[in-house]
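*Asks:* Structure provided below as structure tokens; questions to follow.
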Amino acid sequence: MIGYANILEKYHEIFLMGSVSWYFFQIAFVFVFPLFMGPYGIFWAIFGSEIVSIIFAIFFLFKQRKRYGY
């Protein structure tokens, strides 16, 4: 349990950013994509938000790698 607490303390910022970014992109894309793509925009919004969330996560992994030691 102590090991888990240490990991959570060290990486809590990354866990939080991952979940917040996913929900933010999901909501934004669901509202924006249908404006440009019509009814199919809802289905593409899920795919688009996943891709942007992955890019966002990879960007912060590389940006914070020195701080967290990975």
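*Asks:* Provide the per-residue ³J(HN,Hα) series for the range 33-48, in order, calculated from phi with Karplus coefficients 6.51, -1.76, 1.60 and θ = phi - 60°, each as a whole number of Hz, with x at glycine and proline positions.
*Replies:* 4, x, 5, 9, 10, x, x, 6, x, 4, 6, 6, 5, 5, 4, x
*Asks:* Under the Kirkwood approximation for Rh and a Cα-based Rg, what ratio Rg/Rh is obtained for the range 20-70?
*Replies:* Taking Rg over the Kirkwood Rh, I get 1.17.
*Asks:* Once you have the Cα-Cα distance between Phe56 and Phe43, take 0.36 nm times their residue separation minus that, and quote the gain in nm to one decimal.
*Replies:* 2.6 nm
Values quoted throughout were computed directly from the atomic coordinates according to the rules given, and no laboratory measurement underlies them. Fair warning: this is a prediction, and the values are worked out from it, not measured in the lab.
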